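Input: a single structure, listed below in structure tokens.
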Amino acid sequence: MLALEDPVATPAAAPTAVPDALAPRQRSLARAARHDILRRLAPPLRHDMVVPLQSLGMMAEALSARLERGSVNPDDLQGIVSKLNRLSRQAVATCVDVSTWMQPAEDDAVALRDGVAESVRLLSTSLNFRGFDLRSELADGDFEVSRFALRFLLPGAIFALVDAAPAPGEVVVRTEHASAQAVLQVEYQPQPEGVFTQLHDSGDAPLSWLEVQALAAEEGVEIARNGAVIILRLPRAVVTTPLKMVPV
């Protein structure tokens, strides 16, 4: 399990307590945000799972064809089986990793750089088709945050900006961190005048900012929006209990 260090330096910055009457509604809004974000991430996540499975299937078909022709010698067969074994392990690992988008892994901490790079990689191609260039400027260091929180809130911030963008442009993710918290700045910058191209409509309903705020509150993350800039402040993730060992 993970606990999140309180990044608050002064009482004034403490998270606002949610009245009991509003807590169910906030949880409902947070679930809705997570569902919408995951739905929009489904195509690149599906691609991640399919690629190693396709490679595994193609190699198995090639081996089957060679076996039917009787053109496989023992040395070649051993090498092919080793490749199949490696591809199968890769496919399993990829599918297990994708499953953690639905349920966080026991060790949920991730280096901030790695977590941001994962979201940027997943979203770059689809956003480019819509007319947006997604890039990151990452601070050095191994500061760790909750992977589950970052996986939803960073794409949520990106979707919120591109849904409201009036024209194609660039989305930049910048990071910095101190001892107790990481700061992510997500900024939309329109294309310079004269290079305008038509903005492609994704067909998705705009992401609700109210739902994104509820999700951030549920994850203990501060979030603020000022026009075309969204700021996320994530507390450091700290392992507080030993990981459970899976019986062999």
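At a glance:
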{"read-out": "Radius, Kirkwood style, for the stretch 22-102 when every pair of distinct Cα atoms is counted (Å)", "value": "15.5"}
{"read-out": "Share of carbon and sulfur in the accessible heavy-atom surface of the stretch 26-185 [1.4 Å probe, %]", "value": "54"}
{"read-out": "Magnitude of the charge dipole, the stretch 109-235, Cβ model with Lys/Arg +1 and Asp/Glu -1, debye to 20", "value": "60"}
{"read-out": "R0 of 45 Å, Cβ-Cβ distance residue 111-residue 67: FRET efficiency to nearest 0.05", "value": "0.50"}
{"read-out": "Solvent-accessible heavy-atom area per residue, rounded to whole Å², over the stretch 22-102 at 1.4 Å", "value": "63"}
{"read-out": "Counting all C-alpha pairs of the stretch 109-235, share separated by more than 26 Å (%)", "value": "18"}
{"read-out": "Whole-number accessible area per residue in Å² for the stretch 109-235, which is evaluated in the context of all protein chains at 1.4 Å", "value": "44"}
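The values are calculated or read from the model by the stated rules, or taken from the named source; none is laboratory data. Note that the structure is a prediction, hence the values are computed from the model and not measured. Because the Cβ atoms are built from the backbone with ideal geometry, glycine has one as well, and the counts that use them run over all protein chains shown. Please note that ligands, DNA and RNA were not included when accessible areas were found on the heavy atoms of the full protein model with its side chains. Shrake-Rupley method; radii C 1.70, N 1.55, O 1.52, S 1.80 Å.
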